[in-house]
1. Tell me yes or no: at least one residue of the range B:153-160 is part of a strand (DSSP E or B) and either more than 19 Å from the chain's Cα centre (by Cα) or within 30 Å of B:Pro239 (Cα to Cα) (or both).
2. Of all residues in the range B:165-201, which are more than 12 Å from chain A (Cβ to nearest Cβ) and in contact (Cβ under 8 Å) with a residue 40 or more places away in the chain?
3. In the range B:255-268, is there at least one residue being part of a loop (DSSP other than H, G, I, E, B), in contact with a Ser or Thr (Cβ under 6 Å, 6 or more places away or on another chain) and of a type outside the set (Lys, Arg)?
4. Identify, please: which residue in the range A:11-57 is within 14 Å of chain B (Cβ to nearest Cβ) and aromatic (Phe, Trp, Tyr) and is, among those, farthest from ligand 2 (Cβ to nearest atom)?
5. Report the residue count in the range B:203-250 for those that are within 14 Å of another protein chain (Cβ to nearest Cβ) and in contact (Cβ under 8 Å) with a residue 12 or more places away in the chain.
6. Can you tell me which residue in the range A:119-132 is farthest from A:Met161 (Cα to Cα), limited to those that are assigned to a helix (DSSP H, G or I) and free of Cβ contacts under 8 Å to residues at least 40 places away in the same chain?
7. Of all helices (runs of 4 or more DSSP H) completely enclosed by the range B:27-127, which ones contain at least 2 residues that are modelled with pLDDT under 85?
8. Of all residues in the range A:16-34, which are small (Gly, Ala, Ser) and within 13 Å of ligand 1 (Cβ to nearest atom)?
Amino acid sequence: MRIEVKDLDHIYNAGLAYETYALKHVSLTLDRGELVCLIGHTGSGKTTLVQHLNGLLKPDKGQVLADGVDINEKSPQARALRRKIGLVFQYPEYQLFEETVFKDVCFGPKNMGLSEEECAKKANDSLKLVGMDPDEVGDKSPFALSGGQKRRVAIAGILAMDPEVLILDEPAAGLDPAGKKAILSCIKGIKEERNICILLISHNMEDVAEIADRVLVMDKGSLVLDGPPGEVFARRQALRDMGLAAPPAARFMEMVAAGGGPVSADVLTLDDAAREIIRVYGKR
Amino acid sequence: MAIKDITLGQYYPSESVIHRLDPRTKIIGTLVFMVSIFLVKSFTGFAVSAALLAAVIILSKIPFGYIARGLKPVIFIIIITMTMNLLMTPGEPIASFWIITITREGLERSLLLAIRLVLLIFSSSILTLATKPMSLTDGLDSLLSPLRKIGFPAHEITMMMTIAIRFIPTLMDETDKIMKAQTARGADFETGSIMQRAKSMIPLLIPLFVSAFRIAADLAMAMEARCYRGGEGRTRMNPMRFSNLDTIAWIILALYLAAVIVMRRMGL
Ligand SMILES: Nc1ncnc2c1ncn2[C@@H]1O[C@H](COP(=O)(O)OP(=O)(O)OP(=O)(O)O)[C@@H](O)[C@H]1O
Ligand SMILES: [Mg+2]
């Protein structure tokens, strides 16, 4: 599926004294098989933007097209398209409600009108995909799991609906390092397994540098940068002006270079940095 | 989403004299005014009450439309009671057609009743429009505190009200978020039979209760960490003080009450 956002505007509380221009002329496209990261300072409109992508918020101006069809139309076709765009909210564990993990993951597919067996199959597949064993946790109460596990169950709940575009709003927020790592590797796994488009909102530049195929940067409601991580993170000054920073590995290499070390600061991840240092200083 | 449109605690911000009055003055003033309305028995009396209320409305700088909005939910009741009184009161007939007879007493009674109800509603609307919910509960706390001597948990009750008011917007936000999250999972809150719709509330209500318990536990923990304990000997961050404004208000209120009683005695 291909998503096109055209000249999107969104105003909260339009007409009231405290109206906020949350999105201004945002245009972008998302393609199958891409892993796109969306970054931006707090309040820059990231959440607002992604809620437009599956029709939860309606644009005040502009359009969201999925395979060329406006998803905000009233037609059954647009409705079917909206269902293909799965959105995992920030802190999705707060949406769990069923008695068992298994039933909760089945909620989405059941709403799509699938049969019991189909639901069960989708639930099992999705739980496995997020690294949970359906036989082990399936009959547990979702409220008895750890924070990171709850979050993976919630993501499985969306995956069970077979989305062609998966959007995750800060999926690693508030987790410990191990939980973060588990979520990230689970996202990579989803991408490899299903080859769908994944849009990820994140505040962690290290993670972004590591997994993104493409990076989008929002600032005060506008989409200001859009390109491969190398290109986007090379715009150090522009990022700093927006209250963002380059990945720590890049900043470290920049400091080494500034101190006279003969290294190139043109790296993004820890692995790159290590390789560059070894290249310059050689193996002992 | 519709949930955002519900305005709660209808406070209308402004810097007027009425807004600046001590909440205790406003609460007592409103109570006295309401009682006085039941003492008044004539149109002349109501003219005096209405004049006072009109003065307060003008001073408060609240647009009249906001105050009149309070009538909306009860307009039906007013019309029904007016019609009942109009048709059912025996006395000197002034008009009649078919089986309906309207008497002078009936007309008078129904008009007085309507005026009384409207004045009651307007006065209570002004109290809530011109007083922040939080100062309202502070005022109540202070007014009810003498009852603590007879074991009435005044502080605890007003504290509960304060917390409830404080967390209404938080829970609304939470509801909005959960509704969106479940909608993204294909939940449908708007269509279907009553039974279906009641059932579709489960995915909304359970997470909402879980959130409410979580918030309650966090708040309790935070209060305990700051050594909160109930009423006795507790001081305020913003102590309430009567000002000259309040003195003036009390004097006007006393004069008004005296006038009402005198008029009632003289049968006016
Ligand atoms: N429901 C709402 N009502 C009114 N204003 C809102 C609402 N939601 C967001 N806003 C405003 O819109 C702007 C963009 O908010 P948004 O939540 O999209 O930011 P964000 O980039 O997701 O931030 P964060 O990184 O903190 O999650 C902010 O200024 C915010 O105050
Ligand atoms: Mg956000």
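The values are calculated or read from the model by the stated rules, or taken from the named source; none is laboratory data. Since the model is a prediction, treat every value here as computed from it, not as a measurement. Note: ideal-geometry Cβ built from the backbone for every residue, glycine included; neighbour counts use all protein chains shown.
1. Within the range B:153-160, none of the residues are part of a strand (DSSP E or B) and either more than 19 Å from the chain's Cα centre (by Cα) or within 30 Å of B:Pro239 (Cα to Cα) (or both).
2. Listed by number, the residues that qualify are B:Ile165, B:Phe167, B:Ile168, B:Pro169, B:Thr170, B:Leu171, B:Met172.
3. yes
4. Looking at residues that are within 14 Å of chain B (Cβ to nearest Cβ) and aromatic (Phe, Trp, Tyr), I get A:Tyr18.
5. Here the count works out to 7.
6. Just the residues of the range A:119-132 that are assigned to a helix (DSSP H, G or I), to begin with: A:119-129.
Checking the rest, the ones that are also free of Cβ contacts under 8 Å to residues at least 40 places away in the same chain come to A:120-121, A:123-128.
Details: A:Ala120: 12, A:Lys121: 11, A:Ala123: 9, A:Asn124: 12, A:Asp125: 11, A:Ser126: 9, A:Leu127: 12, A:Lys128: 14 Å.
So the residue we want is A:Lys128.
7. B:64-68, B:75-88
8. Initially, the range A:16-34 is screened for residues small (Gly, Ala, Ser), giving A:17, A:22, A:27, A:33.
Correct list: A:Ala17, A:Ala22.
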